[in-house]
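Enquirer: Encoded as C-alpha cells, here's the structure I'll be asking about.
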Amino acid sequence: MRTLALGFVFSIGFAASCVSAWAETAGEWLKKGVEAEQASEATSAINYYKKSIAGAKGEDAIAAESQYRLAELYFKEKKNAEAVVAFQKVIENYPKQEDWVAKAKEMSPVWLKYDDGQMDLKRSAPAGGHAIRFKRPAEGDWYVDQVQIYASRFGLLKAPEMDFFIYIADEKMKKGCKLTKPYSTFAKAAERWYTIKIQPVKVPENFYVAFVFNQTSMNGVNVGIDKVTEPNHSQEAIPGVHIREMTGTLEWMIRARITRIPIGRILELSEKELQ
C-alpha cells in the first residue's frame, strides 16, 4: 500500500510539473523561433512558432506574437497564400491583442472607393469606358487583385458570347494592363454589386480602373453612379484611346481592392497593353 501511495503522489507531481513546463514552453518556443529567424533558419523558425501557438493555451499575448511572426516570416519567404491566412488568424483569434491586430491589419487588403453604396443614377458609355482614379498608400508595393462594380446588363436575355475588358492603368493612361472577362459575368436583372477577381496587378501610387463593354444596339451594361459633394475622380475613358471628364460631381460605382500580399503571377503595367 505504501508503494502505491508513493507512486500516486509521484504521478500527481509529475503531471503538475508537465503542465507548468508546457505553459513555460510556449514562451521558450517563441524565443527559439526568433533566434532561428535571426539566424536565417526559416524552416526551424516556422516550426518553433507553430509549437508556440499550439502550446500557448490561455496565453494570448504569446500566441498572438507567435502568430504574427509566423505570418511575417511566410511573407518574407514569399509563401503568400500561407501569409494571408496567418495574418487573418491574428485578427480573428486574438482580437484583444490590439498591438498585434493593428500590425496584422496593416498587411490586410484594403478596398478603395468613393461611393456610399447607394445608386443615384445609372449610365452606359457607348463611345468609351467607365474609368475611375484611385490613390493607394504611398509606402510599399501594392497590387489590385479584385474589383467591384455596381451594374446590370441590358439587351438580350442570354448573354452574348463576347468579352468585356478591365483596364488597370497609370494616372496618365499611358501604361496599363488589359484583362478579359466574359459578358456572362453580368445577369440581365436589377443592378447589384459584382466582385471580380483578377490576376494581381502592381500599381503606382495613382492609378485608374476602367471597364470597357464594347456596347452594341443589342447588348450593353449600365453602371451605377453616385452623386458626391466633392470633385469627382471619374471619366468616360478607354485608356490610351479616348478620355472625357464626367460632368458634375458624379462617381462611377466602381471599387478596387489592393493588397500587399499578391497571390499568383503578378502583372505589370505596360505601354504595349494599351496599343
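Laboratory data are not the source of any read-out in this text; all were calculated from the coordinates shown. Quantities reported herein were computed from a predicted structural model and do not represent experimental measurements. Cβ: placed from backbone, ideal geometry, glycine included. Neighbour counts: every protein chain shown.
Enquirer: At 7 Å along the Cα-to-beta-carbon direction for both Trp193 and Lys57, put a label point, then send me their distance in nm to one decimal.
Expert: Going by the 7 Å Cα→Cβ label model, 4.0 nm.
Enquirer: OK, next. Where the Cα atoms of the range 92-137 are projected onto their three principal axes, how long is each span, largest first, in whole Å?
Expert: 51, 22, 14
Enquirer: How big is the equivalent ellipsoid of the chain along its three axes, where each semi-axis is √(5λ) from the Cα gyration tensor, reported in whole Å from largest to smallest?
Expert: 53, 20, 16
Enquirer: Now, a different point. Report the convex hull volume per residue for the range 162-230, counting only C-alpha atoms, in Å³.
Expert: Numbers: hull volume 9.7 nm³, N = 69.
Given the Cα convex hull of the range 162-230, per-residue volume reads 140 Å³.
Enquirer: Would you compute, from DSSP H runs of 4+ residues alone, the mean residue ellipticity of the chain at 222 nm, taking -39500 (n - 2.57) per run and dividing by the full residue count, rounded to the nearest 500?
Expert: -11000 deg cm²/dmol
Enquirer: If you take the beta carbon distance between Thr43 and Asn93 as r and set R0 to 25 Å, what does 1/(1 + (r/R0)^6) give as a FRET efficiency, to the nearest 0.05?
Expert: Efficiency at R0 = 25 Å is approximately 0.60.
Enquirer: What is the total of Lys pairs in the range 140-243 with C-alpha atoms under 30 Å apart, excluding same-chain pairs fewer than 8 positions apart?
Expert: 25
Enquirer: May I ask which residue of Trp29, Phe134, Leu156 lies farthest towards the positive end of the charge dipole of the chain, with charges of +1 (Lys, Arg) and -1 (Asp, Glu) on Cβ and the Cα centre as origin?
Expert: Going by the charge dipole, the pick is Leu156.
Enquirer: Identify the GluC sites (Glu not before Pro) of the range 191-238 meeting these criteria: DSSP loop state and at most 13 other C-beta atoms within 10 Å of the C-beta.
Expert: When the GluC sites (Glu not before Pro) of the range 191-238 are filtered for loop state and at most 13 Cβ neighbours within 10 Å, Glu205 remain.
Enquirer: Which order do the peptides 239-245, 44-50, 88-94, 262-268 take when ranked by the mean count of other beta-carbon atoms within 10 Å per residue, highest first?
Expert: Top of the packing list down: 44-50, 88-94, 239-245, 262-268.
Enquirer: Now a separate question. With an 8 Å Cα cut-off and a minimum separation of 6 or more residues, compute the relative contact order for the chain in percent.
Expert: In percent, rounded to a whole number, it is 22.
Enquirer: Mind ordering 215-226, 172-183 by average Cβ neighbours within 10 Å, highest first?
Expert: 215-226, 172-183
Enquirer: Rounded, prolate or oblate: pick one for the range 90-188, where a ≥ b ≥ c are the square roots of the eigenvalues of its C-alpha gyration tensor, a/c under 1.5 means rounded, and failing that, prolate if a/b is larger than b/c, else oblate.
Expert: Prolate, since a/c reaches 1.5 and a/b exceeds b/c.
Enquirer: Could I ask something else about it? Please compute the net charge surrounding Glu139, taking Lys and Arg as +1 and Asp and Glu as -1 over other residues with Cβ under 14 Å from its Cβ.
Expert: Its environment carries a net charge of 0.
Enquirer: Follow-up question, since we're still on this one. Taking square-rooted eigenvalues a ≥ b ≥ c of the alpha carbon gyration tensor, is the range 175-275 rounded, prolate or oblate, where a/c under 1.5 means rounded and, failing that, a/b exceeding b/c means prolate?
Expert: Details: a/c = 1.42, a/b = 1.22, b/c = 1.17.
Rounded, since a/c falls under 1.5.
Enquirer: One quarter of the convex hull surface, Cα atoms only: what value does that give for the range 196-253 in nm²?
Expert: 5.7
Enquirer: What does the highest-first list of 69-77, 195-203, 158-166 look like by mean Cβ count within 10 Å?
Expert: Averaged packing, sorted descending, gives the order 69-77, 195-203, 158-166.
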